[in-house]
Protein chains: 2
Amino acid sequence: MPKPIEFHFDFSSPYSYLASEQIEALAARHGRTVDYKPVLLGAVFKASGGAPLTEQYGPKASYAKRDFERSARFAGVRYKQPSRFPIGSVTAKRSVVWLQQHQPEQVAPFIHAVYRAFFVDDRDISDAAVVSDIAREVGIDPDALASGVQQPEVKERLRALVDHAIAAGIFGAPTIIVDGEPFWGNDRIPQIERWLEKGAF
Amino acid sequence: MPKPIEFHFDFSSPYSYLASEQIEALAARHGRTVDYKPVLLGAVFKASGGAPLTEQYGPKASYAKRDFERSARFAGVRYKQPSRFPIGSVTAKRSVVWLQQHQPEQVAPFIHAVYRAFFVDDRDISDAAVVSDIAREVGIDPDALASGVQQPEVKERLRALVDHAIAAGIFGAPTIIVDGEPFWGNDRIPQIERWLEKGAF
């Protein structure tokens, strides 16, 4: 069996969102599945000395916003720069962890719904009540989820994912790992496609 | 007449090199020419707070080197990480400026020769004698060039290009501008191609 594609992502990352809208079809074209790995970019940036693009040097921040929107149009993905950005999303990420353990078939629909709530509909995904609403909209029992994300082992599992990502040298999102080969950024999707199609190059 | 494509570059930038190997064919496919604009990335980084990728956080620097080589293979461009990196290249850039004023037909051949000397043959392009050798190899009179790059107006013109680039919001290389639209990075070439083919999107 070919290994799943590791998709390390943060809900507050525009390029992770753009890649999330393409990665499953890409994986499926090559007989792969996607293993979603939430990370906390804030913790990653603390380790790496990085910062959100929109908080960097003025012209770079302006370019980044222009490029988020243009790259979305290029990929045919709906995008609207959120009014709250960047945003914390620890509840949404713990939700992913809980779903992976209890309702794995809901992981991908939930991730897509959270991303679209943030990057299309400008909803406040840092708010646990909004996360509950999104869960309900995709058919997840919001009460079970709300108590699930409070479990110590769920919190611990997310912390461990973040620690593992930092130890593995992840410094940004999305980081997409194919058979051990890391690709950073939505713009590496063409390289990933070739890697899956023809093997290492 | 459609406007030339502005290609802002530094000789010490791997992604500028990769783009330089593709930009003329890309421009020609769409009836455009390339206007080469040397910048001094050191001065740009001073303004922007940036740094060469290979001098950033360890895992990011390691990834960058891996990505330079993989992106070169992906593009079908020869590449060998230079042993001296990053490198100063002010003489080579002043040479570009002088050639633009006196032998414009030699600009592109000289740029490609300098890039390949550095990124394929690991030559020390910071050395004025090496720049002279490269000039000779592409049929430029090295003595005329060596005295040309000493002219105050050539030095001033390069400084003005750098100041203009910073004032225009350029923060990295390559920055490729098509009809006023900036694209940062070799990995934006597919977007540039669509822009040239179908217009703004």
**OP:** Could you please find all residues in the range B:162-194 being crowded, with 20+ Cβ neighbours inside 10 Å and over 23 Å from residue A:56 (Cα atoms)?
**Re:** B:178, B:191, B:192
Original post:
Applying the selection to the range A:149-158, what residues are surrounded by 13 or more Cβ atoms within 10 Å (Cβ to Cβ) and either in contact with a Pro (Cβ under 6 Å, 6 or more places away or on another chain) or assigned to a helix (DSSP H, G or I) (or both)?
Top reply: A:154, A:155, A:157, A:158
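Here is a yes/no grid of residues against (1) within 26 Å of residue B:1 (Cα to Cα); (2) away from chain A (no Cβ under 12 Å); (3) among the aliphatic types (A, V, I, L, M):
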site	(1), (2), (3)
B:135	no, yes, yes
B:159	no, yes, no
B:162	no, yes, yes
B:186	yes, no, no
Original post:
How about the range A:94-150: which of its residues are among the polar types (S, T, N, Q) and under 16 Å from the mean Cα position of the chain (by Cα)?
Top reply: A:95, A:100, A:106, A:126
**OP:** Return the only residue of A:171, A:183 being closer than 15 Å to residue A:37 by Cα, without any contact (Cβ under 8 Å) to a residue 60 or more places away in the chain and not in a helix (DSSP H, G or I).
**Re:** A:183
Original post:
Out of all the residues in the range A:74-101, which are closer than 25 Å to residue A:145 by Cα and either small (Gly, Ala, Ser) or touching a Leu at 6+ places or on another chain (Cβ under 9 Å) (or both)?
Top reply: A:86, A:88, A:89, A:90, A:92, A:93, A:94, A:95, A:96, A:97, A:98, A:99
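Could you please find all residues in the range A:125-137 being part of a loop (DSSP other than H, G, I, E, B) and farther than 14 Å from residue A:83 by Cα?
A:127
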Subject >> Total residues in the range B:8-42, condition surrounded by fewer than 20 Cβ atoms within 10 Å (Cβ to Cβ) and either within 9 Å of the chain's Cα centre (by Cα) or within 14 Å of another protein chain (Cβ to nearest Cβ) (or both) >> reply: 1
Original post:
Taking the range B:1-39 only, how many residues are out of contact with any Phe, Trp or Tyr (no Cβ under 9 Å at 6 or more places or on another chain), polar (S, T, N, Q) and within 21 Å of residue B:84 (Cα to Cα)?
Top reply: 1
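Throughout, read-outs are computed from the coordinates displayed, never taken from laboratory work. Values in this document were obtained by computation on a predicted structure and should not be read as measured data. A quick note on method: Cβ atoms are made from the backbone with ideal geometry, for glycine too, and the neighbour counts reach across all protein chains shown.
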